[in-house]
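Working notes, structure below.
The values are calculated or read from the model by the stated rules, or taken from the named source; none is laboratory data. Everything numeric here is computed off the predicted structure, so don't read it as measured data. Because the Cβ atoms are built from the backbone with ideal geometry, glycine has one as well, and the counts that use them run over all protein chains shown. Note: areas computed on protein heavy atoms with side chains; ligands, DNA, RNA excluded. Shrake-Rupley method; radii C 1.70, N 1.55, O 1.52, S 1.80 Å.
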Amino acid sequence: MLTIKNLHARVEEKQILNGLNLDVKPGEVHAIMGPNGSGKSTLASVLAGREEYEVLDGTVTFNGVDLLELSPEDRARAGIFLAFQYPVEIPGVSNANFLKTAVNEVRKSKGLEPYDSKDFLAVMKEKMKLVEMDKQMTTRSVNEGFSGGEKKRNEIFQMAMLEPQLAIMDETDSGLDIDALRIVSNGVNALRDGKRSFIVITHYQRLLDYIVPDFVHVLYKGRIVKSGTKELALELEEKGYDWIKEEVEA
Amino acid sequence: MIAEIKKEAVETFKRLGFPSTKNEEWKYFNVQQILPDQPVFSAAPARLSASDLTPCMIAGNNVHLLVFENGIYRADLSSTGAIENLVIGPISSLKENQTFKNNFGKVVSFGTEPFVALNTAVDHEGVFIHVPANAVIGKTIHILHVNTNEQSDHITSIRNLIVAEKQAAISIVESYHALNKQCNGLINVVNEIVVHESARVELCKAQLDSDAASQINFTQTIQEKNSTFDTVTVTLNGRLTRNNLHIKLNDTNCTAHLFGLYILDGEQLTDNHTLVDHAMPNCFSNELYKGVIGGKASGVFNGKIFVRKDAQKTNAYQSNKNILLSDDATMNTKPQLEIFADDVKCTHGATTGQLDEEALFYLRARGIGEKSARTLLNIAFVADVLNNIKSDELRETLQQKAEAKLMQ
């Protein structure tokens, strides 16, 4: 589904990704861990199409299409979803109106009829249950005045509404208490249908107790330096990153 | 008496002349660009028909309607109905009304205002409304101006006087339209508004004239004890537009809300000059003006707040926020607070910037195209001004017009 080859990228003159390779097949959950500054969020940003990130070398293909050629909106329409580490507050745009516009633009790109208000409400109601969303969260402005937990739940709610093929979760667990973490993880797990793939970027093994990955990768200095299964995450939790750094430097 | 006021206005205008950009108050508004060499003060011939009004009925059809074409009252197109006690009509037919005589030229002072002096000095037409004590007027009054003049040497003078007696309430819409894009000229408007004890006046000004026409207006209110004045000024069209809005809180416990929105493109210029004069204690004023400026257009905001020595326990808030859509768009904003009382709460703030790039990316990352995303954010930006328009029909119409302009 997603193939990243030899990806090099920089932001503001600083090179962050240095030859990253990753292959994600349908239905797989890949966790990406790594110390601060290793390039985890840069990878998410490059995949979602943030303009301030410049790709210097390498390729990213998504279902056979050159992803790097697409605008952020075309990536979203093609089925990529980024759950933001810091969801943006947008005063004056209601959550419902925003999502209706987004869902209908994505549907239009697939040649589907846009939802009318009644159908949209029905779909929304069903998906709200996934993340235990309050009805009033949909009438409020996007993320405005939301708590950290509400913002992350709103990300997963949007994911459920947009039904992407590949979801990239950028430190979705940061700033969440145990209850919010459980709600968010339950939402994600409900969306695991054997076809949808996930890239879960996280600092902490804790999240991976809830969202159990098929693969765990360690990102260091802009490259994946070690890959394994969920046991690798446990080992990292126990031993930290120093032993991996030593292995790489050796 | 009125003859004397007019005479004084002539003298004042002779003394003041038209302002130049060297005058600090007119620094960004070059009237020379719009003044004809030989101004014509008589109206262009009438040609407006009832069907032309359909797109102008922005507050719906269930209104008391007063139609003016090039400043001349069109009784045949108007419908004020019979409203018990309420005196309403063109000032030309109400000059002998005692309340009119008692108030005309007494609210506004033209000593330093050349366009007010000019308006007072020349023949003018407009609406006089006298709301008697305790009368609550349920239907909106719509004062509808249509510009059908295609000769650029016309200066149209419009004069309105509104007096709301004790505990009266009235809602007025003042709108400006053009028959077509070629209509032009300069419209010079003066509004005098008296809000007596515990009365409430709402005024919404919608500037939808052609982009070839210009307007200079001056609204002066005087508020008495416990009264409320709420106003929203929406400028979407017009070449050069100057809105002067002076609020005088002349007794205790008055409330005033001032909202403004300007969405400009091409070479439009809109200059909002406001003054909130807190003369007495325990009054509240809140002001929010927002602008979205594209093309080579420019906006000006000059907001003065005076808190006089006696005006203790004043609450006065002011905010001006702008988005510039292009490199050639400009905004000049200047808040001016002069506070002479010591126990007051006053805040002001002004921001001018681009659209929030983070918000834009967030919307695009959800599949919303860049143009739609920009429009959505701009519409959200202007919403908290338009949301203050109380009439559903008027608010929705102006929202649609604002959205249409933001989508261009």
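Check A:Ile224, A:Ile201, A:Ile178, A:Ile244 and return the single one that is on the phi < 0 side of the Ramachandran plot and buried (at least 22 other Cβ atoms within 10 Å of the Cβ). Sole residue among the options that is on the phi < 0 side of the Ramachandran plot and buried (at least 22 other Cβ atoms within 10 Å of the Cβ): A:Ile201. Is it true that some residue in region B:26-39 is more than 30 Å from B:Gly299 (Cα to Cα), hydrophobic (A, V, I, L, M, F, W, C) and buried (at least 16 other Cβ atoms within 10 Å of the Cβ)? Checked against the condition, which is being more than 30 Å from B:Gly299 (Cα to Cα), hydrophobic (A, V, I, L, M, F, W, C) and buried (at least 16 other Cβ atoms within 10 Å of the Cβ), region B:26-39 yields no hits at all.
Here B:Asn61 passes the criteria (1) over 29 Å from B:Gln399 (Cα atoms); (2) open to solvent by 70 Å² or more (accessible area, probe 1.4 Å) except the one numbered (1). When the residues of region B:64-86 are filtered to those that are touching a strand residue (DSSP E or B) at 6+ places or on another chain (Cβ under 9 Å) and open to solvent by 40 Å² or more (accessible area, probe 1.4 Å), the one that is farthest from B:Gln182 (Cα to Cα) is B:Asn85.
Surrounded by 18 or more Cβ atoms within 10 Å (Cβ to Cβ) and either of a type in the set (A, V, I, L, M, F, W, C) or within 14 Å of chain B (Cβ to nearest Cβ) (or both): is that true of A:Ser38 in this structure? Against the criterion (surrounded by 18 or more Cβ atoms within 10 Å (Cβ to Cβ) and either of a type in the set (A, V, I, L, M, F, W, C) or within 14 Å of chain B (Cβ to nearest Cβ) (or both)), A:Ser38 does not qualify.
When A:Lys118 is tested against (1) at pLDDT below 95; (2) more than 9 Å from chain B (Cβ to nearest Cβ); (3) open to solvent by less than 40 Å² (accessible area, probe 1.4 Å), only condition (3) is not met. On inspection, B:Gln151 does not qualify as on the phi > 0 side of the Ramachandran plot and either open to solvent by 10 Å² or more (accessible area, probe 1.4 Å) or not assigned by TED's automatic domain parsing to the domain that holds B:Leu236 (or both). Residues that are crowded, with 19+ Cβ neighbours inside 10 Å and either of a type in the set (Asp, Glu) or out of contact with any Phe, Trp or Tyr (no Cβ under 8 Å at 6 or more places or on another chain) (or both) within region B:87-109 comprise B:Asn103, B:Phe104, B:Gly105, B:Val107, listed in sequence order. Test B:Thr233 against the criterion of being under 23 Å from B:Gly185 (Cα atoms), open to solvent by less than 20 Å² (accessible area, probe 1.4 Å), out of contact with any Phe, Trp or Tyr (no Cβ under 6 Å at 6 or more places or on another chain) and assigned to a strand (DSSP E or B), and give yes or no. Yes.
For the residues B:Asn102, B:Asn70, the requirement of being assigned by TED's automatic domain parsing to the domain that holds B:Glu174 and in contact (Cβ under 8 Å) with a residue 12 or more places away in the chain singles out B:Asn70. Within region A:74-106, being more than 9 Å from every other protein chain (Cβ to nearest Cβ) and open to solvent by 50 Å² or more (accessible area, probe 1.4 Å) holds for one residue alone: A:Lys100. Just so you know, in region A:138-151 the residues that are away from chain B (no Cβ under 14 Å) and closer than 19 Å to A:Phe81 by Cβ include one that is least open to solvent (accessible area, probe 1.4 Å), and it is A:Thr138. In region B:291-408, counting only helices (runs of 4 or more DSSP H) that sit wholly within it, the ones holding 1 or more residues that are away from chain A (no Cβ under 14 Å) and surrounded by fewer than 21 Cβ atoms within 10 Å (Cβ to Cβ) span B:392-407. For region B:134-145, residues that are surrounded by fewer than 23 Cβ atoms within 10 Å (Cβ to Cβ) and in contact with a helix residue (DSSP H, G or I) (Cβ under 9 Å, 6 or more places away or on another chain) total 1. Among the residues of region B:236-256, write down those that are part of a loop (DSSP other than H, G, I, E, B) and either aliphatic (A, V, I, L, M) or open to solvent by 10 Å² or more (accessible area, probe 1.4 Å) (or both). If the condition is that a residue be part of a loop (DSSP other than H, G, I, E, B) and either aliphatic (A, V, I, L, M) or open to solvent by 10 Å² or more (accessible area, probe 1.4 Å) (or both), then B:Leu236, B:Asn237, B:Arg239, B:Asn250, B:Asp251, B:Thr252, B:Asn253 are the ones that fit.
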